[in-house]
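Down below is the structure, laid out as structure tokens.
The values are calculated or read from the model by the stated rules, or taken from the named source; none is laboratory data. Since the structure is predicted, the reported quantities are computational estimates derived from the model, not experimental observations. Note that each Cβ is placed from the backbone with ideal geometry, even for glycine, and that neighbours are counted across all protein chains shown. Only protein heavy atoms, including side chains, enter the accessible area calculation; ligands, DNA and RNA are left aside. Shrake-Rupley method; radii C 1.70, N 1.55, O 1.52, S 1.80 Å.
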Amino acid sequence: MKILLFILVGLLGLVYALYYWREIRPGLGEEAPVLQEDGITSRDLNKNGRLDPYEDPRCSVEDRVEDLLSQMTLEEKAGMMFHTMIGMNDDGTLQERGILMPPSSDLIVGRLMNHFNVLQTAEPRQMSEWYNRIQKLAERTRLGIPITISSDPRHAFTQNPATTMLAGPFSQFPEQTGLAAARDVELVQQFADIARQEYLAVGIRLALHPMADLSTEPRWGRVNGTFGEDADLASEMTAAYIRGFQGEQLSAQSVACMTKHFPGAGPQKDGEDAHFPYGREQVYPGGKFEYHLKPFEAALKAGTAQIMPYYGVPVGLPFEKVGFGFNKDVITGLLREKYGFDGVVCTAWMLINPVKVMGRELIPAKAWGAEHLSAAGRIQKAIEAGVDQFGGEACPEVLVALVRSGRIKEARIDQSVRRLLRDKFRLGLFDNPYVDPDFAEQTVGNPEFRKVGELAQRKSIVLLKNEKGILPLKGELKIYVENINPETASQYAQVVNNLADADVAILRLNAPYEKLKGLMEGYFHTGDLDFKSREKEHVLDVMSRVPTIVDIYLERPAVIPEIAEQSAALLASFGANDGAALDVIFGKFAPQGKLPFELPASMEAVRRQKEDVPYDSENPLFPFGHGLIY
């Protein structure tokens, strides 16, 4: 017992000796620490009398950036300039095996990358635990630079892995077009603030949105991601959206916005999308290029942290005929020099390399106008154009080789890395990159947030027609429904299965589109806007037999003259559940939405429209801004 006591006392003495030599003795004979501003004492300063920029958040962001940049190797800088997808297992563990995505450890520790786009959705606890594991993995790197996780929109009703995800456990709101239809700027900012809180809770710190594009071409497959075709309305909405996510300035409570797709992706030739080679051209037959810049001007004024150019090639403009991500006239000449933007410019996804599996090309690189260049040549051209980061790419070794060969100067790389580091510091990631899984469970999709989402869905619904004041429906009615949950409908009226027994029919329809073949094409709803014979005949048959109320989900404008004429009432929705639509139909919520784009009267009128000109359809069925009340 005495021997153990002797050993214990000895250990305590050794600990004190170490403490004395490390903490007390160096200060003997020195003056007492002097308290300075912000609680800093002289002992917090380095030998040059300054704060340690990397370690102390009280130091300026600029000093912290320069200090860390001076310590980075070329390989670490290059890794920061690539921003690709990363996998997540449903149980919150790291994805180390996958067909399309490299192992997480390879991306973070091997390739030294620290910006990732997460596509999957898991439960809030598992998602936040995965995020913490990602940050823990980043600590294994030499400098321990924290990870920035980004996401496409994930609060609405659309499911397209190339553009947006279903809400899942997150609160659910209408699409951007629905927010525009509600005509409520404060609601847009409230939505963005709620989305910010939910993103923060699970570790998403960069929103790959909003879309500031204008939907002047009604056939375009991404209309529902816009605020419609009116530049002034879209500008108001875009600015409010950014304020809700970022606040007045970027901070530890912000989610940074990457506003897209500069300088406006709406005027797609014939409505084809620039994800695909046949949709590469953006055209301006109406001379409205500057009209499409207005929402981006509002975004820049609101302080958007980052900007994404689109894939498209400008036609009929005094710019080089290459995709905007390679276009120096647009990125440097217009965005950097004219507008003075010094934030991060990140390309749209997969401009450099095709997607291959087992050596087989599944998706070509979207290098429109630069197809003849190698991967190295495309990277060089984009950097010379003014790009800071490559979306959907994971080949930093190619950039390293370009610098080592002298084709790109390291000082130019430093410019981009400064911008990227600055956002990480402003977001507080270096001070505390971790999240609380308990808080994530309490925050994501909580009742208060869902209540606001339900209100937004109802406010976004537009009443287009109300023949003889049939709406709101009243009294004890028998209703026949299609594409509506019968259990939900039974809370409003008696649901019958036989149309002959119904007093009223209620149909929910999706706007028509042409089905495309291809791995990615199938997710994009493009082509003609009118219903073809079989589906249209069924709807008209129902209308001929009983008064019919139609609610149509307008992910794009639809050409529906016969349906509009023969329906008893017609509503447009932009992402709304059955309860929201039925609340408006039965008068529990008065309609107040206004169309964010016009509905053309025919496909002939659509084909005569100019892709870049707003509301230019001849004698539209319903004009921009139309919406009835009762």
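Per the listing Leu399, Leu429, Leu373, Leu362, the residue uniquely under 26 Å from the mean Cα position of the chain (by Cα) and either part of a loop (DSSP other than H, G, I, E, B) or at pLDDT 95 or above (or both) is Leu429. Cβ-Cβ contacts under 7 Å between residues 6 or more apart (or on different chains), taken from a first residue in segment 113-141 that is in contact (Cβ under 8 Å) with a residue 24 or more places away in the chain and assigned to a loop (DSSP other than H, G, I, E, B) to a second residue that is surrounded by fewer than 19 Cβ atoms within 10 Å (Cβ to Cβ) and of a type in the set (A, V, I, L, M), are listed as Arg140/Val109; Thr141/Val109.
Can you tell me which residue is surrounded by the fewest Cβ atoms within 10 Å (Cβ to Cβ) among those in segment 384-427 that are among the acidic types (Asp, Glu) and farther than 13 Å from Lys77 by Cα? Residue satisfying both the conditions and the ranking: Glu384.
Of everything listed in (1) in contact (Cβ under 8 Å) with a residue 60 or more places away in the chain; (2) in a helix (DSSP H, G or I); (3) more than 14 Å from Ala78 (Cβ to Cβ), the single unmet condition for Val435 is (2). Selection of segment 228-269 for residues being open to solvent by less than 10 Å² (accessible area, probe 1.4 Å), of a type in the set (A, V, I, L, M, F, W, C) and touching a strand residue (DSSP E or B) at 6+ places or on another chain (Cβ under 8 Å) yields Ile242, Phe245, Val255, Ala256, Cys257, Met258, Phe262, Ala265.
Among the residues of segment 150-168, at least one is closer than 19 Å to Gly247 by Cα, open to solvent by less than 20 Å² (accessible area, probe 1.4 Å) and not in a loop (DSSP other than H, G, I, E, B).
Hey, any hits in segment 274-295 for a residue that's among the small types (Gly, Ala, Ser), open to solvent by less than 10 Å² (accessible area, probe 1.4 Å) and under 16 Å from the mean Cα position of the chain (by Cα)? No, the conditions are met nowhere in segment 274-295. Selection of segment 72-112 for residues being acidic (Asp, Glu) and touching a residue at least 60 places away in the same chain (Cβ under 8 Å) yields Glu75, Glu76. Scanning segment 504-520 for residues that are touching a Gly at 6+ places or on another chain (Cβ under 9 Å), open to solvent by 20 Å² or more (accessible area, probe 1.4 Å) and outside any strand (DSSP E or B) yields a total of 3. Count of segment 467-499 residues, restricted to those that are under 22 Å from Ala576 (Cα atoms), of a type in the set (S, T, N, Q) and in a loop (DSSP other than H, G, I, E, B), is 4. Scanning segment 590-619 for residues that are under 26 Å from Gln457 (Cβ atoms), touching an Asp or Glu at 6+ places or on another chain (Cβ under 6 Å) and open to solvent by less than 40 Å² (accessible area, probe 1.4 Å) gives Phe597, Pro614.
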